Amino acid sequence: MTESFRTILQKAWFVVAEQVANFLPKLLAGVIVLLIGFVIARLVRGLTARFFVAVRLDRISDRLGISAFLARGDVRYTVAEILATVIYWLVLLLSFQLLGLVLGLEGLAHFFGQILGYLPRLVVALVIILAGILIGSFFGGAVQVAASNAGFPAAKPLGQTVKYLISFFALVMALEELRIATQLLVATLQIVIAAVALALALAFGLGCKDLAGEAVRRWVSRTSNPSGGETPSSDEGHPNAETTTRSSTRT
């Protein structure tokens with residue numbers, strides 16, 4: 001019985017050793033893939049960072065207000081550094097997918113494949129947001145200039161409102177591209193617009209009630225007197241009334 005138990009242990013050990021021996025080449029290949037991917041990712045990040053500096057991407061982002069937006073969010077990286085880091089992680093994700101294929105881990109490879117397949121939508125969403133910011137800045141400035149030339153007192157707030165509305169619609173389109181539910185954002189925007197319209201209506205109604213009352217009185221007067229003249233008073237109908245009054249006073 002002891003010999004049979006020893007035989008079972010030996011067979012189990014041989015099976016484990018054989019599996020480890022078969023897995024070691026795959027593990028070594030996976031480590032090599034990761035190292036190569038890491039080196040390529042660092043090289044690509046350095047090259048893309050230099051390219052963005054050469055095309056003066058940071059200055060363009062400053063003019064568009066993207067750098068100020070990132071600063072308000074306490075982001076200490078420039079746009080060029082952020083894009084270079086994104087490309088760096090893209091290369092690493094591709095390396096992780098290759099690692100899963102080399103090791104025979106189909107679940108791991110499928111997971112990173114799904115992430116890489118989602119990235120084109122992410123790129124399109126970023127392009128939509130940037131285009132929305134550009135278009136919003138252009139039309140916001142145009143509206144502000146036109147309102148200023150027309151003598152409108154709130155030209156700057158009007159231009160800012162147009163800018164942020166266009167940017168908000170671009171954000172909604174980007175979220176739809178990412179297949180993220182936007183019903184809540186749209187409903188929130190509708191509530192905000194309705195609240196602003198109600199506030200403006202109340203402010204106009206309360207502030208201009210006297211003018212509205214005067215306009216209504218004039219309209220009623222014109223309707224009741226189609227000839228356009230005003231109804232004469234009793235004194236105006238008798239020109240000698242004032243003379244008679246003065247004579248009686250002297251007497």
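Checked across region 105-119, the condition of being modelled with pLDDT under 80 and not in a helix (DSSP H, G or I) holds for at least one residue. The numbered conditions (1) at pLDDT 80 or above; (2) over 26 Å from residue 167 (Cβ atoms) are all true for residue 124 except (2). Within region 35-68, restricting attention to residues that are surrounded by 14 or more Cβ atoms within 10 Å (Cβ to Cβ) and aromatic (Phe, Trp, Tyr), which residue is farthest from residue 134 (Cα to Cα)? It comes out as 38.
Given the residues 101, 171, which is the only one that is surrounded by 15 or more Cβ atoms within 10 Å (Cβ to Cβ) and farther than 24 Å from residue 60 by Cβ?
Just a single option satisfies the conditions, and that option is 101.
Within region 73-115, can you find the residues that are within 22 Å of the chain's Cα centre (by Cα) and aromatic (Phe, Trp, Tyr)? Scanning region 73-115 gives a single hit, 77.
Yes/no per residue for (1) touching a Ser or Thr at 6+ places or on another chain (Cβ under 9 Å); (2) among the small types (Gly, Ala, Ser); (3) on the phi > 0 side of the Ramachandran plot:
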residue: 22; (1), (2), (3): no, no, no
residue: 42; (1), (2), (3): no, no, no
residue: 57; (1), (2), (3): yes, no, no
residue: 60; (1), (2), (3): no, no, no
residue: 67; (1), (2), (3): yes, yes, no
residue: 89; (1), (2), (3): no, no, no
residue: 100; (1), (2), (3): no, yes, no
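Condition check ((1) over 30 Å from residue 140 (Cα atoms); (2) assigned by TED's automatic domain parsing to the domain that holds residue 160; (3) in a helix (DSSP H, G or I)) across all residues:
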position: 7; (1), (2), (3): yes, no, yes
position: 34; (1), (2), (3): yes, no, yes
position: 60; (1), (2), (3): no, no, yes
position: 67; (1), (2), (3): no, no, yes
position: 74; (1), (2), (3): no, no, no
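The values are calculated or read from the model by the stated rules, or taken from the named source; none is laboratory data. Only a predicted model underlies this, so the values are computations on that prediction, with no experimental measurement involved. FYI the Cβ positions are ideal-geometry reconstructions off the backbone, even for glycines, and counts take in every protein chain you see.
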